[in-house]
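Read through the structure below, which is laid out as C-alpha cells, and then see the notes.
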C-alpha cells in the first residue's frame with residue numbers, strides 16, 4: 001500500500017472513533033503540516049479551535065443539528081475550522097511580492113469570499129494531513145454558523161467555516177464506500 005493511497009484513496013469519513021485521546025503534540029504536528037499548503041496571496045485565513053474537553057464539546061453540541069450532537073460529544077477532538085475575514089491585515093508579512101492588503105481592506109465582500117475560499121482549501125489540506133498522521137476525520141456541516149461564531153469567536157474577525165471530528169477510527173467506524181465519479185463524468189480537457 002503506497003503512502004499516496006493511504007492519504008488519498010483509502011480514507012473515508014469516520015462515524016465512530018476509538019476511545020483514545022489525540023495528543024496535543026499530534027494536533028501541533030497536524031497544523032505544522034497543514035500550514036504549508038498554497039493559498040491565494042498566501043492569505044492563510046484558516047483559524048482552528050480544537051475542542052477536546054467534555055465542556056467545550058458540550059458547548060458546541062448545543063449548536064449542531066440533533067443528528068450531530070452525539071457525533072460531536074463522542075469524537076476525541078471536534079475542530080472548528082474557522083476563517084479570519086480580516087486576514088488581509090497580515091498580508092504585508094505573509095505576501096512579500098506587493099502590497100496586496102490594498103485589494104481587501106476596503107472590500108468586505110471580497111475579503112469574506114477570499115477567506116471562505118482559502119480556508120476551505122486549507123481545510124482540505126487539514127483533512128489530508130490528518131490522514132498522513134494516521135488520524136481519521138469526520139467533516140461536518142449541520143450546525144449554526146451564526147451561533148458557533150457567537151459562542152467561540154465573539155468579538156473577533158473570525159467566522160466558522162465547517163467542523164471536523166478527529167480521532168482514531170473504531171473498527172466499525174465507517175460505512176461502505178459510496179460511488180465516485182469517473183473522470184469523463186466530471187472533467188473535460190480543453
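Per-residue answers, yes or no, for (1) free of Cβ contacts under 8 Å to residues at least 40 places away in the same chain; (2) within 17 Å of residue 161 (Cβ to Cβ); (3) touching a strand residue (DSSP E or B) at 6+ places or on another chain (Cβ under 9 Å):
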{"site": "6", "(1), (2), (3)": "no, no, no"}
{"site": "21", "(1), (2), (3)": "no, no, yes"}
{"site": "25", "(1), (2), (3)": "yes, no, no"}
{"site": "28", "(1), (2), (3)": "yes, no, no"}
{"site": "53", "(1), (2), (3)": "yes, no, no"}
{"site": "61", "(1), (2), (3)": "yes, no, yes"}
{"site": "64", "(1), (2), (3)": "no, yes, yes"}
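So which of 119, 111 is modelled with pLDDT of 95 or more, farther than 30 Å from residue 171 by Cα, under 18 Å from the mean Cα position of the chain (by Cα) and surrounded by 21 or more Cβ atoms within 10 Å (Cβ to Cβ)?
So the residue among 119, 111 that is modelled with pLDDT of 95 or more, farther than 30 Å from residue 171 by Cα, under 18 Å from the mean Cα position of the chain (by Cα) and surrounded by 21 or more Cβ atoms within 10 Å (Cβ to Cβ) is 119.
Yes/no per residue for (1) part of a strand (DSSP E or B); (2) in contact (Cβ under 8 Å) with a residue 12 or more places away in the chain; (3) in contact with a strand residue (DSSP E or B) (Cβ under 6 Å, 6 or more places away or on another chain):
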position	(1), (2), (3)
71	no, yes, no
81	yes, yes, yes
89	no, yes, no
92	no, no, no
97	no, no, no
101	no, yes, no
105	no, yes, no
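Only one residue in 142, 134 is on the phi > 0 side of the Ramachandran plot, surrounded by fewer than 18 Cβ atoms within 10 Å (Cβ to Cβ) and in contact with a helix residue (DSSP H, G or I) (Cβ under 8 Å, 6 or more places away or on another chain). Which one?
So the residue among 142, 134 that is on the phi > 0 side of the Ramachandran plot, surrounded by fewer than 18 Cβ atoms within 10 Å (Cβ to Cβ) and in contact with a helix residue (DSSP H, G or I) (Cβ under 8 Å, 6 or more places away or on another chain) is 142.
Matching residues to (1) farther than 13 Å from residue 60 by Cα; (2) free of Cβ contacts under 8 Å to residues at least 24 places away in the same chain; (3) in contact with a strand residue (DSSP E or B) (Cβ under 6 Å, 6 or more places away or on another chain):
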{"residue": "122", "(1), (2), (3)": "yes, no, yes"}
{"residue": "137", "(1), (2), (3)": "yes, no, yes"}
{"residue": "155", "(1), (2), (3)": "yes, yes, no"}
{"residue": "160", "(1), (2), (3)": "no, no, yes"}
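Could you figure out which of (1) touching a residue at least 40 places away in the same chain (Cβ under 8 Å); (2) within 29 Å of residue 176 (Cβ to Cβ); (3) touching a helix residue (DSSP H, G or I) at 6+ places or on another chain (Cβ under 7 Å) isn't true of residue 44?
(2)
Of the residues 69, 64, which is farther than 22 Å from residue 93 by Cα and surrounded by fewer than 18 Cβ atoms within 10 Å (Cβ to Cβ)?
69
The values are calculated or read from the model by the stated rules, or taken from the named source; none is laboratory data. Please read all numbers here as calculations on a predicted model, not as lab measurements. As a convention, Cβ positions derive from the backbone with ideal geometry for all residues, glycine included, and neighbour counts pool all protein chains shown.
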